[in-house]
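A.B. asks: Encoded as structure tokens, here's the structure I'll be asking about.
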Amino acid sequence: LVLQTVSVVFAMRLSRTLAVEGSRYLNTTAVFFAEVLKLMCSFAFLANEQGGYRAAACLVVKTFSSKHVELLKVCVPSLLYTVQNNLLFISLSNLSGAVYQVTYQLKILTTAVLSVIILNKTLGLTKWCALLLLFAGVALIQLPRDSGSAASQSSGNAAVGLAAVLSACVTSGLAGVYLEKILKQTDSSIWMRNIQLAFFGGLLALVGCFVQDGAKIQEKGF
């Protein structure tokens, strides 16, 4: 999991900052195709769970056609995750990988606070102290460093990047807590839930593509 997380950050950072010939890919289309890939993978796992693609397809159709209230609830975290993914691209375009990686750990703090508020969870003194130390560590990395420091080198606007990653922490925490709440109220499998999230997330991401980058898409394609 650590290797996967670091690799994703490294790849995203390079893809947004390295000089390229021609046009660079759009953040919005990258988020859309990520949701499409998530949808395909989730359906494959659901098919394995149900014993075949036909049974999985029937279950998906039944769920989407009969559980309307449940689907409406899923729209909320889908929107939050779509916004979060776009914010992550913005933050990595403006912050160094090290600063982004450390600052994004504040999602642990936002998730904990929102769990207390929304889910009425209780955190002990040890956990609150750990969260305080996390916050202090993130605050320290924002202090000015030597201009030659590799961690401080960034080609973008640090203020924009910091605002984006902090907003992503909030949306990540809220989406996670809200999703945990609705998962406790349903008997749907995790793969079905991921299909619902990816489906609505893909639709919202597609809308975002044409709202934010419609002119560029019409000119140069996805």
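A.B. asks: Could you tell me which of the residues Val2, Val69, Val9 is in contact with a helix residue (DSSP H, G or I) (Cβ under 9 Å, 6 or more places away or on another chain) and modelled with pLDDT under 90?
C.D. replies: Values: Val2 fails: in contact with a helix residue (DSSP H, G or I) (Cβ under 9 Å, 6 or more places away or on another chain); Val69 fails: in contact with a helix residue (DSSP H, G or I) (Cβ under 9 Å, 6 or more places away or on another chain).
Criteria check complete, one pass: Val9.
A.B. asks: Considering every residue within segment 91-99, establish whether at least one is β-branched (Val, Ile, Thr) and modelled with pLDDT of 85 or more.
C.D. replies: no
A.B. asks: If you scan segment 94-104, which residues turn out to be over 15 Å from Thr171 (Cβ atoms) and either of a type outside the set (A, V, I, L, M) or part of a helix (DSSP H, G or I) (or both)? Before you say what the answer is, go through the steps one by one.
C.D. replies: Of all residues in segment 94-104, those over 15 Å from Thr171 (Cβ atoms) come to 94-102.
The answer is Asn94, Ser96, Gly97, Ala98, Val99, Tyr100, Gln101, Val102.
A.B. asks: Within segment 170-187, can you find the residues that are among the polar types (S, T, N, Q) and open to solvent by less than 40 Å² (accessible area, probe 1.4 Å)?
C.D. replies: Taking segment 170-187 and keeping what is among the polar types (S, T, N, Q), we get 171-172, 185-186.
Thr171, Ser172, Thr186 - these are the residues of segment 170-187 that are among the polar types (S, T, N, Q) and open to solvent by less than 40 Å² (accessible area, probe 1.4 Å).
A.B. asks: While we're looking at this one, here's another question. Listed residues Ala159, Ala139; which is modelled with pLDDT of 80 or more, part of a helix (DSSP H, G or I) and under 28 Å from Val83 (Cβ atoms)?
C.D. replies: Ala159
A.B. asks: Right, next: Only one residue in Leu37, Leu59, Leu79 is part of a helix (DSSP H, G or I), over 30 Å from Met12 (Cβ atoms), open to solvent by 30 Å² or more (accessible area, probe 1.4 Å) and among the hydrophobic types (A, V, I, L, M, F, W, C). Which one?
C.D. replies: One residue alone meets the criteria, Leu59.
Per-residue answers, yes or no, for (1) crowded, with 18+ Cβ neighbours inside 10 Å; (2) at pLDDT below 85:
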residue	(1), (2)
Thr122	no, no
Ser189	no, yes
Gly202	yes, no
Gly208	yes, no
Phe222	no, yes
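A.B. asks: Can you pull out the residues in segment 1-53 that are more than 21 Å from the chain's Cα centre (by Cα) and in contact (Cβ under 8 Å) with a residue 40 or more places away in the chain?
C.D. replies: Of everything in segment 1-53, those that are more than 21 Å from the chain's Cα centre (by Cα) and in contact (Cβ under 8 Å) with a residue 40 or more places away in the chain turn out to be Ser23, Leu46, Glu49.
The values are calculated or read from the model by the stated rules, or taken from the named source; none is laboratory data. Remember, it's a predicted structure, so these values are computed and weren't measured experimentally. Heads up, the Cβs are rebuilt from the backbone with ideal geometry, glycines too, and the neighbour counts pull from every protein chain shown. Accessible surface is based on the protein model in full, side chains and every heavy atom, while ligands, DNA and RNA are left aside. Shrake-Rupley method; radii C 1.70, N 1.55, O 1.52, S 1.80 Å.
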